[in-house]
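The values are calculated or read from the model by the stated rules, or taken from the named source; none is laboratory data. Everything numeric in this text was worked out from a predicted model, so none of it was measured. With ideal geometry, Cβ positions are generated from the backbone for all residues, glycine too; neighbour counts draw on all protein chains shown. Please note that ligands, DNA and RNA were not included when accessible areas were found on the heavy atoms of the full protein model with its side chains. Shrake-Rupley method; radii C 1.70, N 1.55, O 1.52, S 1.80 Å.
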Amino acid sequence: MENCPPAVCEASDLVLSFVNAESLDGWLDGATPSDVAAATELRASLAVLLRAHSGCALDAGAVGAAEAHLRQVATRYPLIPVVGADACALVPAHDGAFGLFARVLGAVTDLAYRGAWARAKVCKNDTCHTGFFDKTRNTSGLYCSPACSSQASMRAYRNRRKAA
């Protein structure tokens, strides 16, 4: 999976850029406070599932609650299948914030359909927690970058030395 297929990269880029966005202002141009609240909840639920993909410790019931929230959200922001001779796609039924949320959920659906959803993870470095797409062959990636891997490794080494 060194070079991910373009459709997988496009879908993962959309989901991860939404989850990793520091501010939702760039995503929600002219949004209402309720749109921002809905986006924050959607992002939090997706982040829980990415943490589960990474094997992070989660509160009991967190994954179930996130999945239930995403099921509920999916009914509010529907996707319409558009079938063509050369390609098929799921497109949002609405414009604006609702369309954005539907596009993100459509990208998650596309990743799941292609067997790549479990590769969307959160960095396990205690100081990072950035979402990333695991491109390792055996889906064993734990860190978003070599720098985070090195930091976590050094932290573990220092903790072992301190304990000894």
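Of the trypsin sites (Lys or Arg not before Pro) in the stretch 109-164, the ones in a loop by DSSP (not H, G, I, E or B) with at most 14 other beta carbons within 10 Å are 137.
Under 18 Å of direct C-alpha separation, and excluding same-chain neighbours fewer than eight residues apart, residue 135 reaches these aspartates and glutamates: 2, 10, 13, 110.
Quotient of the Cα radius of gyration of the stretch 83-164 and 2.2 N^0.38 Å, N being its number of residues: 1.60.
With a Förster radius of 41 Å applied to the beta-carbon distance between residue 68 and residue 161, the computed FRET efficiency rounds to 0.40.
Return the carbon/sulfur percentage of the accessible area of the stretch 15-164, one whole number, probe 1.4 Å, all protein chains in place. Whole-percent figure for carbon plus sulfur exposure: 54.
When you restrict to C-alpha pairs under 8 Å that are six or more residues apart and normalise by the size of the chain, the relative contact order lands at 25 percent.
Evaluating kT/(6 pi eta Rh) at 4 °C and 1.567 mPa s, with the Kirkwood radius of the stretch 44-127 over Cα pairs in the Stokes-Einstein relation, gives 92 µm² s⁻¹. Run the Debye formula on the Cα coordinates of the chain, all scatterers equal and no solvent, and tell me log10 I(q)/I(0) at q = 0.09, 0.14, 0.21 1/Å. Debye curve over Cα of the chain, log10 I(q)/I(0) at q = 0.09, 0.14, 0.21 Å⁻¹: -0.34, -0.78, -1.45.
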